[in-house]
């Protein structure tokens, strides 16, 4: 393992900020990093710079050498991505995108097969997607996203969880992206009428899923207004029980 710091962001682009990194290992032990670049970025064949927010990813081996990645700069409004890799090396990256047509924060995702070769440099997620249909993961029924996370099972399927909020509700949602790229129906994970945000997801060897998240509740103001909740699902995305409180009250 190479010691020291590895510079992940590409020096050919000069945004104002690099932020919100996410990291995962693939089946060969390579490191996948995804991040957001926001600032004056080149577009239109790099002749013009515009204020953009773009998602990149790159792969590195354990010595810190670039294994693969792309550099494809286009107009973008993506931010805060997250990455997961299955046991075969297939990769999913999910991210937030501000939809300028509906003025909502939406969820997008792309799947990349294992062994995909590329030139050096990061790749802008969303320019090329290897799943179909190529659409938003969420159904667009809320205005704000309050967190996003992804996980993979042993069958090559991926799971995306996120928090969605509008004037009437604040819930945690779950959806499966099958290995063929198609989407399952959207599941509402959280229950009740409190404010739910910041989900995290994990799977076990059987394909069972657990989703955890934060909840703010004025009803529990004196016993823990902000608590951690969880809910479990089987491999068919059927809930095994109602949500339950993880942390003790103190």
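The values are calculated or read from the model by the stated rules, or taken from the named source; none is laboratory data. Computed from a predicted structure; not experimentally measured. Note that we place each Cβ from the backbone using ideal geometry, even for glycine, and neighbour counts take in every protein chain shown.
A few notes on this one:
- Consider region 97-115 and keep the residues that are in a loop (DSSP other than H, G, I, E, B) and within 20 Å of residue 28 (Cα to Cα). The one that is modelled with the lowest pLDDT is 115.
- Residue 33 being at pLDDT 75 or above and buried (at least 22 other Cβ atoms within 10 Å of the Cβ): no
- Within region 64-76, not a single residue is touching a strand residue (DSSP E or B) at 6+ places or on another chain (Cβ under 8 Å), surrounded by 21 or more Cβ atoms within 10 Å (Cβ to Cβ), within 28 Å of residue 201 (Cβ to Cβ) and at pLDDT 85 or above.
- Region 189-203: number of residues that are over 14 Å from residue 148 (Cα atoms) and more than 17 Å from the chain's Cα centre (by Cα): 6
- Counted residues, region 79-90 - those being more than 11 Å from the chain's Cα centre (by Cα) and at pLDDT below 85: 4
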